[in-house]
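First comes the structure, then the notes that go with it.
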Amino acid sequence: MGVQGLKDGIAAGRLAADQYAENFSDLHAPLGRHEALVEADRCYFCYDAPCMNACPTEIDIPLFIREISTGNALGAAETIFKQNILGGMCARVCPTEQLCEEACVRMEAEGKPVQIGLLQRYATDEAMEKDKQFFTRATPTGKRIAVVGAGPAGLACAHRLAMHGHDVVVYDGKPKAGGLNEYGIASYKTPDGFAQKEVDYITAIGGITIVNEKLLGRDFSLPELLDGFDSVFLGMGLGGVNALRADGENADGALNAVDFIANLRQSDDLSTLPIGRRVVVIGGGMTAVDAAVQSKLLGAEEVTMCYRRGKEHMNASEFEQDLAASKGVVIRHWVAPKRVLTEAGKVTGIELEYTALKDGKLQGTGETFTLPCDQVMKAIGQTLATDGEGVEIAGGKIAIDEEGRTSNPRVWAGGDCATGGEDLTVTAVAQGRDAAESITRFLQSA
Amino acid sequence: MADIRNNFVGIKSPNPFWLASAPPTDKAYNVERAFKAGWGGVVWKTLGEEGPPVVNVNGPRYGAIWGADRRLLGFNNIELITDRSLQINLQEIKQVKKNWPDRAVVVSIMVPCEEDAWKAILPLVEETEADGIELNFGCPHGMSERGMGAAVGQVPEYVEMVVRWCKQYSRMPVITKLTPNVTDVRRPARAAKNGGTDAVSLINTINSITNVDLDLMAPMPTIDGKGTHGGYCGPAAKPIALHMVAEIARDPATYSLPISGIGGVTTWRDAAEFMALGAGNVQVCTAAMVYGFKIVEEMISGLKGWMDEKGYATLDDFTGKAVRNVTDWQYLNLNYVTKAKIDQDKCIKCGRCHIACEDTSHQAITKSKDGVRHFEVMDDECVGCNLCVNVCPVEDCISMIALEPGMLDQRTKKVVDPNYANWTTHPNNPAAKTAVEPAE
């Protein structure tokens, strides 16, 4: 099959074979030793460092950077993993420009923060490449805990529980562990099978059994888990997808962005992945950006992100928006989908309505326009796939307290499925880790 | 435009920046390049006596310490004096001087501490028509084991004796280069003066081991598993050199003895500082070895610019101007009270001033105000120590502000006395005198 280039409709193989590898390579090249040392030298080793306070997992950033600067990258990795066992993935996917790097005093000094994310990656890569493990299991407690979901929250929880000597069984609905790290994050942020390497690194501590393709609500219930385990941690994320509630959204060519990304992440050969010549992505979050950018990278000629509010309301970070723009994605604000246009069951375009805030409420202005397209991807948020299985729900998520406890005294929750997070990997890790500590305290006192 | 022409003990050069006796001045090739780059003079790398030249190690001969981004801060060497034949050096010196009549060419010499050895080499050097000689009484490694270099410089009697021979057997100006590896640098300086030296130059390098190879368990630079102390220099040595220059400049016994300042000079500002403390010119080595000869352009333009700004028309206008302000601790004004002040607009909130003060000093800097990260000096705790200024990464963010006489020092609850008063009359001093001695 030759290069399909500008072929109308939805087609695979729009690019030359070698273009795929180039398009989907590492977004940020890792730092070499020299670069890491130069960058580490920029850190001021602040007192009560703002970067550390801005990190949801409270990694001691000045300390680990100082360790890098003294040639002690493994010590740096230990400092990171102590707080965040998924420090490797967070180094790749954290919106650092809104977290540690935004808080860096060098932002105030010269508008150029220390590249904390890249330094974190430098240290954690070193440890993972050398397969250096820093943690061992405590004396076995004989306690068994079920973790639902092998994503960031579940893995962080499982690791910390295993450290404390408990036995952990992690159930996950997908064939592979990793959750959104494996299925939901843009490929260029975590190439070369990093998500699975990280799962292996985390589970190497021992005491963690992962059971794949077992879904809560389908294959087992919460009461069943509670029968077999001392405690349960729910970290299954958001399995449902919000609907557009627009005509034609089930036509051929209309799809969920999360499914598109998951397919892409699992594909062995990107040239076989079909992509529209013209793609419209509905939504303004990270998932929308990931879908839009990757559509472009697969060879779509025109990719338009449509968001119903203004730039300032977008969940996607400034960096993500710039990234999308730099890849040729057009972002349109203040437009909402009204109708997916179809012909013979296939998507041919989308009708959008301009929106505006009136008295603080988002409203359509009545004025519409049409964007011709072959594919419409929906990225307007995800929902909890279960009814909570008996634990209390608040605002569509499992209600938890600051320790991750749910309304059931033997059930904890964290990550995207629970309240309190920000739908970030790093907050999921923090919640999973803290829940493990809470579970341990509970089991010790029981 | 400021005139930076230099006249050092009658040796004239277009600017006060000389290259010190060291690898950059070992051959005509390097010296020609230096003169083309604009250096005012050179002190040719030390010549030894006639005969088989010295040999150098064939492994690493330099060591270093670094600051941020591997900026070289301190440098060390175990190289010996020139390892080229005396005759070749003399021929090259003669030719270079002929090619560059407006530049200073001074020849460094180190021969055994015997009258005949000096008597033999001096006419040979004089024949080159070089402008002067510098006596290497400083090298701390290798040659000192053979009774030369620092081994001479550490014994004032030897210094005086050799200087006397040089003045006796040569018409050339004599600059005596001093070693810092002594407890009181004024003693060899006085000895050199007593011997009739025209000037002293200092400092030569400091005994040092820069680092240890923790795999080999050997000092660096390491030669086949062993190391030896070398001579330390570079920016990190500058404070030691400044102090020694100042001590000689303000010593009544050597007052007005010309000094060529050496030790970590890297920028025009370093040079101006040496000269303010009494040096008639400066010699540079490490900075040139790190960055190449081009740095002299910055030194020339920087010095001229600063002199213009300050209204100094010639080098003499500021040379030695800071000497009178170097005094002993006992004469410092104890009624002078300062407080640190943090410029909140410049503060980047790194908190280093706070933690330095909190952990290691006087607990005088806040960490928050109204629950917000905020660093501010508490005048009732601040002793004015300047630590916060030194650890702050932002220049001019923290300043030391002197309290005006009559103002209340919030810490001591005393009104600032307008009168100068020092330790010599302080009531806590058991040896207090009644009258105040002024600073020198």
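Here are the numbers:
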quantity: Unmet criterion (only one of (1) closer than 30 Å to A:Ala103 by Cβ; (2) surrounded by fewer than 16 Cβ atoms within 10 Å (Cβ to Cβ); (3) in contact with a Lys or Arg (Cβ under 8 Å, 6 or more places away or on another chain)) for B:Val372; calculated: (3)
quantity: Residue match in segment B:334-351 (condition: touching a helix residue (DSSP H, G or I) at 6+ places or on another chain (Cβ under 9 Å) and among the aromatic types (Phe, Trp, Tyr)); calculated: no
quantity: Residues of segment A:213-271 that turn out to be within 17 Å of A:Lys296 (Cα to Cα) and of a type in the set (S, T, N, Q), as a count; calculated: 4
quantity: Long-range neighbours under 7 Å by Cβ, at least six apart or interchain, first residue under 16 Å from B:Lys341 (Cα atoms) within segment B:402-420, second part of a loop (DSSP other than H, G, I, E, B) and of a type in the set (D, E, K, R); calculated: B:Gln410/B:Asp379; B:Gln410/B:Asp380; B:Arg411/B:Asp379; B:Arg411/B:Asp380; B:Arg411/B:Glu381
quantity: Selection status of A:Thr406, closer than 23 Å to A:Ala262 by Cα and under 27 Å from the mean Cα position of the chain (by Cα); calculated: no
quantity: Residues located in segment A:434-446, provided they are modelled with pLDDT of 95 or more and either under 9 Å from A:Ala153 (Cβ atoms) or not in a helix (DSSP H, G or I) (or both); calculated: A:Ala435
quantity: Exclusive hit being within 28 Å of B:Thr266 (Cα to Cα) and not in a helix (DSSP H, G or I), set B:Gly51, B:Gly63; calculated: B:Gly63
quantity: Any hit, segment B:296-316, residues being buried (at least 21 other Cβ atoms within 10 Å of the Cβ), on the phi > 0 side of the Ramachandran plot and touching a residue at least 12 places away in the same chain (Cβ under 8 Å); calculated: no
quantity: Matching residues, segment B:16-69, being of a type in the set (S, T, N, Q) and touching a strand residue (DSSP E or B) at 6+ places or on another chain (Cβ under 6 Å); calculated: B:Ser21, B:Thr25, B:Thr46
quantity: Of the criteria (1) surrounded by fewer than 22 Cβ atoms within 10 Å (Cβ to Cβ); (2) modelled with pLDDT of 95 or more; (3) closer than 30 Å to B:Ser170 by Cβ, which one B:Ser256 fails; calculated: (2)
quantity: Matching residues, segment A:407-432, being modelled with pLDDT of 95 or more, under 21 Å from A:Ala195 (Cα atoms) and surrounded by fewer than 24 Cβ atoms within 10 Å (Cβ to Cβ); calculated: A:Thr427
quantity: Filter result (more than 12 Å from chain A (Cβ to nearest Cβ) and on the phi > 0 side of the Ramachandran plot) within segment B:342-374; calculated: B:Gln363, B:Asp370, B:Gly371
quantity: Test set (1) without any contact (Cβ under 8 Å) to a residue 60 or more places away in the chain; (2) touching a Leu at 6+ places or on another chain (Cβ under 6 Å); (3) of a type outside the set (Val, Ile, Thr) - B:Ala64 fails condition number; calculated: (1)
quantity: Residue match in segment B:402-425 (condition: assigned to a loop (DSSP other than H, G, I, E, B), within 14 Å of chain A (Cβ to nearest Cβ) and on the phi > 0 side of the Ramachandran plot); calculated: no
quantity: Every residue from segment A:69-127 that is away from chain B (no Cβ under 14 Å) and β-branched (Val, Ile, Thr); calculated: A:Thr79, A:Ile80, A:Ile85, A:Val93, A:Thr96, A:Ile116, A:Thr124
quantity: Selection status of B:Gly40, surrounded by fewer than 17 Cβ atoms within 10 Å (Cβ to Cβ) and touching a residue at least 40 places away in the same chain (Cβ under 8 Å); calculated: no
quantity: Every residue from segment A:140-161 that is among the hydrophobic types (A, V, I, L, M, F, W, C), within 19 Å of the chain's Cα centre (by Cα) and not in a loop (DSSP other than H, G, I, E, B); calculated: A:Val147, A:Val148, A:Ala153, A:Leu155, A:Ala156, A:Cys157, A:Ala158
quantity: Scope segment B:98-122; condition under 27 Å from B:Pro14 (Cα atoms) and surrounded by fewer than 20 Cβ atoms within 10 Å (Cβ to Cβ); matching residues; calculated: B:Lys98, B:Asn99, B:Trp100, B:Pro101, B:Asp102
quantity: Test: B:Leu73 is modelled with pLDDT of 95 or more, touching a Phe, Trp or Tyr at 6+ places or on another chain (Cβ under 9 Å), within 14 Å of chain A (Cβ to nearest Cβ) and surrounded by 14 or more Cβ atoms within 10 Å (Cβ to Cβ); calculated: yes
quantity: Selected residue (criterion: nearest to the chain's Cα centre (by Cα)) from residues of segment A:106-139 that are among the hydroxyl-bearing types (Ser, Thr, Tyr) and buried (at least 17 other Cβ atoms within 10 Å of the Cβ); calculated: A:Thr124
quantity: Selection within segment A:38-56 - surrounded by fewer than 20 Cβ atoms within 10 Å (Cβ to Cβ) and either more than 11 Å from chain B (Cβ to nearest Cβ) or in a helix (DSSP H, G or I) (or both); calculated: A:Val38, A:Asn53, A:Ala54
quantity: Enumeration of residues in segment B:386-398 that are away from chain A (no Cβ under 11 Å) and crowded, with 16+ Cβ neighbours inside 10 Å; calculated: B:Leu387, B:Cys388, B:Val389, B:Ile398
quantity: Positions within segment A:57-81 being among the hydroxyl-bearing types (Ser, Thr, Tyr) and either out of contact with any helix residue (DSSP H, G or I) (no Cβ under 6 Å at 6 or more places or on another chain) or not assigned by TED's automatic domain parsing to the domain that holds A:Val114 (or both), in sequence order; calculated: A:Thr70
quantity: Any hit, segment A:354-373, residues being modelled with pLDDT of 95 or more and assigned to a loop (DSSP other than H, G, I, E, B); calculated: yes
quantity: Helices (runs of 4 or more DSSP H) fully within segment A:199-304 counting 2 or more residues that are without any contact (Cβ under 8 Å) to a residue 24 or more places away in the chain; calculated: A:222-228, A:257-266
quantity: Members of segment A:325-353 found to be outside any strand (DSSP E or B) and over 12 Å from A:Arg308 (Cβ atoms), listed by number; calculated: A:Ala325, A:Ser326, A:Lys327, A:Gly328, A:Val329, A:Ala344, A:Gly345
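Yes or no, residue by residue, for (1) under 25 Å from the mean Cα position of the chain (by Cα); (2) buried (at least 24 other Cβ atoms within 10 Å of the Cβ):
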residue	(1), (2)
B:Phe137	yes, yes
B:Met143	yes, no
B:Ala150	yes, yes
B:Met161	no, no
B:Asp184	yes, no
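Yes/no per residue for (1) in contact (Cβ under 8 Å) with a residue 12 or more places away in the chain; (2) within 24 Å of A:Cys51 (Cα to Cα); (3) more than 28 Å from the chain's Cα centre (by Cα); (4) outside any loop (DSSP other than H, G, I, E, B):
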| residue | (1), (2), (3), (4) |
| --- | --- |
| B:Lys341 | yes, no, yes, yes |
| B:Cys353 | yes, yes, yes, yes |
| B:Asp379 | yes, no, yes, no |
| B:Cys382 | yes, no, yes, no |
| B:Met400 | yes, no, no, yes |
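The values are calculated or read from the model by the stated rules, or taken from the named source; none is laboratory data. Note that the structure is predicted; figures quoted are calculated from it, not measured. Cβ atoms come from the backbone with ideal geometry, glycine included; neighbour counts cover every protein chain shown.
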